[in-house]
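Okay, so here's the structure we're looking at.
The values are calculated or read from the model by the stated rules, or taken from the named source; none is laboratory data. These numbers were taken from a predicted model, which means no experiment stands behind them. All Cβ positions, even for glycine, are placed from backbone atoms using ideal geometry, and neighbour counts span all protein chains on display. In case anyone asks, the SASA skips ligands and DNA or RNA and just uses the protein heavy atoms, side chains included. Shrake-Rupley method; radii C 1.70, N 1.55, O 1.52, S 1.80 Å.
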Amino acid sequence: MDISDIDIALHAPARLQIAAVLARVSDAEFATLKDITGVADSVLSKHLAALVDAGYVKLRKAARDGRQRTWASLTAKGRKAFAAHMAALKKLAAIAEEAAIAAE
Amino acid sequence: MQPSEAREALDSIQAADTKLAARIGNCPPWRHAVLGGIFALLIGSIAVSSTVQMLSLPVVLLAVFLTVRSDRKRYGVFVNGYRRGATRPVTFALVAVMIALVLAAMHMRNNGFTDASKVGLAVVAFTLAVMFSVTWHRVLRRELTGA
């Protein structure tokens, strides 16, 4: 793992949060992701579409209370990409902390 | 990406984890009791007879299905008990204990143990399942909040 594992597909803050939530659970409803990320429906849809295009997320529809709900889950590729991205972020953040300490 | 951006990204992930913990970290007591009930029925039915075990299986499966459906409706997420992370050892410990209880139930069935002892085993299964469920949620909450 190194900082070259920073993944452009996961760079956008909302997209990263979506991946983070999905990494912790089996799947999550659209409304839940919207609540946690705080973005509008259209923005969330765009981010999910981007993650689907990257092969990181899959979507499915399920009926609840007479309405179709969208559920999202990370693919195996997505979980691996998120884990690598997290490791790279931590490494980069550690570099920043070391630099800050050295500068003092 | 600049190192400072990496720190901000990690903070945003923690913020999402904290919100997720607020949503799913507090499991109502009845939910723990439902899991306990499922295991009590499973173990108790094995201890009674193979016929009762076969008749109970669809009830157990239906209870699991309804519990999963209820979780999805209540939380807007589903968290698999076997998920990777700090909770996995808790799950494996529960599985190990339940295997031991299954073996004990089969021993009781095959060796003419009293009804009272079989009920006692079911109560033990209920209690242990509830304890594991509470522990599992506590570990999940701690994992998400970083506490």
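Considering only residues of the stretch A:56-83 that are more than 12 Å from the chain's Cα centre (by Cα) and of a type outside the set (D, E, K, R), which is most open to solvent (accessible area, probe 1.4 Å)? Walk me through it before giving the result.
So in the stretch A:56-83, the residues more than 12 Å from the chain's Cα centre (by Cα) come out as A:58-71, A:76-77.
If we keep only those that are of a type outside the set (D, E, K, R) too, we end up with A:59, A:62-63, A:66, A:68, A:70-71, A:76.
Working: A:LEU59: 86, A:ALA62: 27, A:ALA63: 77, A:GLY66: 83, A:GLN68: 119, A:THR70: 28, A:TRP71: 13, A:ALA76: 86 Å².
My answer is A:GLN68.
In the stretch A:1-59, what residues are in a loop (DSSP other than H, G, I, E, B) and of a type in the set (Ser, Thr, Tyr)?
Within the stretch A:1-59, the subset in a loop (DSSP other than H, G, I, E, B) is A:1-2, A:6-7, A:11-12, A:25-26, A:38-40, A:54-56.
Answer for the stretch A:1-59, where residues must be in a loop (DSSP other than H, G, I, E, B) and of a type in the set (Ser, Thr, Tyr): A:SER26, A:TYR56.
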Residue count, the stretch B:1-26, condition closer than 15 Å to B:ASP71 by Cβ and within 14 Å of another protein chain (Cβ to nearest Cβ), comes to 4
Condition check for B:PHE39: more than 14 Å from chain A (Cβ to nearest Cβ) and surrounded by 16 or more Cβ atoms within 10 Å (Cβ to Cβ)
yes
Can you name the helices (runs of 4 or more DSSP H) wholly within the stretch B:1-99 that have at least 3 residues being out of contact with any Leu (no Cβ under 6 Å at 6 or more places or on another chain) and under 18 Å from A:VAL21 (Cα atoms)?
B:3-24, B:50-75
